[in-house]
Every structure is written in C-alpha cells, then in structure tokens.
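**Q** Please read through the structure below; I'll follow up with questions.
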Amino acid sequence: MKKISTILGRVERWGIFISFSSILIILTVSILSRYLFQRPLSWPDELTTYLFILMTFLAASASVEDNSELKVEVLYERFSQLRLILDIFLHLVRFSVCIFLIVIGLKFAAVEWQMATYTPILRIPVFLIFSMLPLWGVLMAFRSIERFCKLWKRN
C-alpha cells in the first residue's frame, strides 16, 4: 500500500504541475494572440477548462494525503474530546461520496461512449472528460482508506 501511495503521490503532484504549467502557457498564448496579433483563438478556453478540472481533482486527492483538505475546524476545537469520532465521520462521508462519484461517473461515461459525442472545438471524446469522475472517485477512495488506516493505527 505504501508503494502505491508513493506512486499515486508522484502522479498527483506531476499531474498538478503539468496541468498548471500547461494552463499558464496556453492562456499566455491566447492573450498574446488576442491582443498582440488581433487574432483570438477559440481552443485555449476549452482546453484550459478541462485541464483546470483535472488539476482540481488531482489537488483534492493530494489534499487528503497531506491532511490539508477543508474541514470545519471549529468543530474540532469545540469538541476536542470527540476528535476521533469526527475524523471517522469525515472519512465515512468522503468514502460514500467517492462511491457515489464512481457509480455516477461510470454511468455518465457509458452514456457518452454510446452517444459518441465530441467537444465542440477540440473534438475530444466527451466520455474522456466524464471519465475523470470515476477516476477521481477511485483516487479519493484510496486516499480516504489510507488516511482511515493511519487514523486507526494511531488510536
């Protein structure tokens, strides 16, 4: 499990870095094209949207590994004696959402696969974009199980 976590950590961090760098370069080209050459491009907006979605999903998964995801810290401060119960509840809710996203994401991707739809400008198969949902669900479920195991061993 440790080796898988290390590999996933590298994939997440490199994916975030490559996505962000690509967005930065593509938007710079778009701005230069629009204002310097008076020739606006249509494809950068679509591509950066999909890269931003990918980057967000990867960052959410990485935040679980680092225990830096958004939480209501006031509950932890106010009910410090219930910290373990709050952590278990957090992991159970996150894992349930992950299962939901995997199931729904697979259904959406299957529908788009059958319909064979493509994005309007770049002609990317839409099922690839919807496939990010179950992929992210699997990553988050793995990270949630990993954090839960660490929590359980600690207490």
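**Q** Could you list, in sequence order, all residues of region 137-151 that are of a type in the set (A, V, I, L, M, F, W, C) and open to solvent by 40 Å² or more (accessible area, probe 1.4 Å)? Before the answer, list the steps.
**A** Of all residues in region 137-151, those of a type in the set (A, V, I, L, M, F, W, C) come to 138-142, 145, 148-149, 151.
Listed by number, the residues that qualify are 138, 142, 145, 148, 149.
**Q** So the check is Cβ under 7 Å with 6+ separation or different chains; which pairs have a first residue in region 86-98 that's closer than 17 Å to residue 74 by Cβ and basic (Lys, Arg) and a second one that's at pLDDT below 90 and in a helix (DSSP H, G or I)?
**A** none
**Q** If you don't mind, another one. Does region 99-146 hold any residues that are touching a residue at least 40 places away in the same chain (Cβ under 8 Å), more than 22 Å from residue 51 (Cβ to Cβ) and not acidic (Asp, Glu), and which are they?
**A** Passing the criteria: 99, 141, 142, 144, 145.
**Q** Can you find a residue in region 112-122 that is under 17 Å from the mean Cα position of the chain (by Cα), open to solvent by 60 Å² or more (accessible area, probe 1.4 Å) and over 30 Å from residue 152 (Cα atoms)?
**A** The initial filter retains those residues of region 112-122 that are under 17 Å from the mean Cα position of the chain (by Cα), namely none.
Within region 112-122, none of the residues are under 17 Å from the mean Cα position of the chain (by Cα), open to solvent by 60 Å² or more (accessible area, probe 1.4 Å) and over 30 Å from residue 152 (Cα atoms).
**Q** So, residue 63, is that one of a type in the set (S, T, N, Q) and touching a residue at least 24 places away in the same chain (Cβ under 8 Å) or not?
**A** So residue 63 does not fit the description; no.
**Q** Now for a separate question. Give the residues of region 5-42 that are open to solvent by 90 Å² or more (accessible area, probe 1.4 Å), under 18 Å from residue 138 (Cβ atoms) and in contact (Cβ under 8 Å) with a residue 12 or more places away in the chain, sorted by residue number.
**A** Matches in region 5-42: 13 only.
**Q** Counting only residues that are within 13 Å of residue 142 (Cβ to Cβ) and aliphatic (A, V, I, L, M), which one in region 59-68 is most open to solvent (accessible area, probe 1.4 Å)? Walk me through how you get there before you give the answer.
**A** We begin by selecting, within region 59-68, every residue within 13 Å of residue 142 (Cβ to Cβ); these are 60-62, 64-65.
Now drop any that are not aliphatic (A, V, I, L, M), which leaves 60, 62, 64.
Details: 60: 29, 62: 8, 64: 1 Å².
Filtering region 59-68 for residues that are within 13 Å of residue 142 (Cβ to Cβ) and aliphatic (A, V, I, L, M), the one most open to solvent (accessible area, probe 1.4 Å) comes out as 60.
**Q** While we're looking at this one, here's another question. Are any residues in region 43-53 of a type outside the set (Val, Ile, Thr) and either open to solvent by less than 80 Å² (accessible area, probe 1.4 Å) or more than 29 Å from the chain's Cα centre (by Cα) (or both), and if so, which ones? Write out each step before concluding.
**A** Keep residues of region 43-53 that are of a type outside the set (Val, Ile, Thr), which gives 43-47, 50-52.
Hits for region 43-53 are 44, 45, 46, 47, 50, 51.
**Q** For region 1-96, list the helices (runs of 4 or more DSSP H) that sit wholly inside it and hold at least 3 residues that are under 24 Å from residue 133 (Cβ atoms) and among the β-branched types (Val, Ile, Thr); which are they? If you could, list the steps in order and put the result at the bottom.
**A** Numbers: elements: 2-31, 43-65, 73-78.
Once the helices (runs of 4 or more DSSP H) in region 1-96 are filtered for at least 3 residues that are under 24 Å from residue 133 (Cβ atoms) and among the β-branched types (Val, Ile, Thr), what remains is 2-31, 43-65.
The values are calculated or read from the model by the stated rules, or taken from the named source; none is laboratory data. In this text the structure is predicted, and so the values were computed from the model without any measurement. Quick reminder, even Gly has a Cβ in these numbers, built from the backbone with ideal geometry, and neighbours come from all protein chains shown. Protein only, heavy atoms only, side chains kept; ligands, DNA and RNA dropped before computing areas. Shrake-Rupley method; radii C 1.70, N 1.55, O 1.52, S 1.80 Å.
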